[in-house]
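Engineer: Input: one structure, supplied below.
The values are calculated or read from the model by the stated rules, or taken from the named source; none is laboratory data. From a predicted model like this one, the values you see are computed outputs, not experimental measurements. Methodologically, a virtual Cβ is constructed for each residue, glycine included, from the backbone with ideal geometry; neighbour enumeration extends over all protein chains shown.
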Amino acid sequence: MTPVATASTATAELGSAGAASTIGQFARYLIVGGVAFAVDFATLAALTEAAGLHYLVSAAVAFLAGLGVNYILSRAWVFGESRVKNAAAEFALFALIGVVGLALNETIIWTVSAIAGRSYLLGKLASAGLVLLWNFGARKYFLFRNA
């Protein structure tokens with residue numbers, strides 16, 4: 001086999017392995033995201049309905065609870081080693097990506113509730129898929145690209 005053929009075969013295998021790794025990570029992230037979403041959604045409903053907080057305040061607090069669950073499980077099971085070697089900096093970047101997700105979350109919940117006149121919980125459901133895709137993609141790219 002020629003060196004060019006060997007190099008292109010190796011590149012194709014690495015690309016395939018990288019895609020398979022990303023698909024596996026995304027599958028695990030869906031499970032982690034589901035657990036984090038359950039914590040987020042339950043906290044949102046409890047703080048709004050039982051504690052009487054405004055739904056946007058509840059949504060922010062609930063999102064942060066879900067973020068904590070997501071960080072712990074993502075770090076341990078989904079991505080593994082981070083590109084950022086400082087734990088505080090890693091969490092700060094993880095949280096910053098989450099803040100963008102929070103902004104998307106709040107905007108969608110508010111739009112569905114205040115503009116469309118529907119339930120804030122329906123807004124939460126509507127935001128979940130978009131925020132999941134944003135969080136996975138951004139975290140994979142900025143924090144765990146080589147993982």
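Engineer: What's the number of the only condition in (1) among the hydrophobic types (A, V, I, L, M, F, W, C); (2) in contact with an Asp or Glu (Cβ under 7 Å, 6 or more places away or on another chain); (3) farther than 14 Å from LEU143 by Cα; (4) assigned to a loop (DSSP other than H, G, I, E, B) that VAL84 fails to meet?
Structural biologist: It fails just one condition, (3).
Engineer: Here is a further query. Inspect all residues belonging to the range 61-77 and state whether any of them is more than 30 Å from SER21 (Cα to Cα) and touching a residue at least 12 places away in the same chain (Cβ under 8 Å).
Structural biologist: yes
Engineer: Confirm whether ASN105 is more than 15 Å from VAL32 (Cα to Cα), in a helix (DSSP H, G or I) and not aliphatic (A, V, I, L, M).
Structural biologist: So ASN105 passes the test.
Engineer: Which ones in the range 49-63 are touching a helix residue (DSSP H, G or I) at 6+ places or on another chain (Cβ under 8 Å) and either surrounded by 13 or more Cβ atoms within 10 Å (Cβ to Cβ) or not in a loop (DSSP other than H, G, I, E, B) (or both)?
Structural biologist: Passing the criteria: LEU53, TYR55, LEU56, VAL57, SER58, ALA59, ALA60, VAL61, ALA62, PHE63.
Engineer: Looking for whichever is farther than 27 Å from ILE23 by Cα and either modelled with pLDDT under 95 or charged (D, E, K, R) (or both) here; the options are ALA42, ALA88, ALA92. Which one fits?
Structural biologist: On inspection, the qualifying residue turns out to be ALA88.
Engineer: Name the single residue that is nearest to THR43 (Cα to Cα) among those in the range 101-125 being crowded, with 17+ Cβ neighbours inside 10 Å and without any contact (Cβ under 8 Å) to a residue 24 or more places away in the chain.
Structural biologist: Out of the qualifying residues, it is GLY123.
Engineer: Then there's this: (1) within 30 Å of GLY18 (Cα to Cα); (2) touching a Phe, Trp or Tyr at 6+ places or on another chain (Cβ under 9 Å): which one isn't true of ILE109, the others all being true?
Structural biologist: It is condition (1) that ILE109 fails.
Engineer: Applying the selection to the range 64-102, what residues are touching a helix residue (DSSP H, G or I) at 6+ places or on another chain (Cβ under 7 Å), over 21 Å from GLY34 (Cα atoms) and aliphatic (A, V, I, L, M)?
Structural biologist: VAL84, LEU93, listed by residue number.
Engineer: Just one of the numbered conditions (1) modelled with pLDDT of 95 or more; (2) farther than 17 Å from GLU106 by Cα is not true of LEU53; which one?
Structural biologist: (2)
Engineer: Hey, among the residues in the range 91-100 that are in contact (Cβ under 8 Å) with a residue 12 or more places away in the chain and closer than 14 Å to TYR141 by Cβ, which one's surrounded by the fewest Cβ atoms within 10 Å (Cβ to Cβ)?
Structural biologist: Looking at the filtered set, the residue picked out is VAL100.
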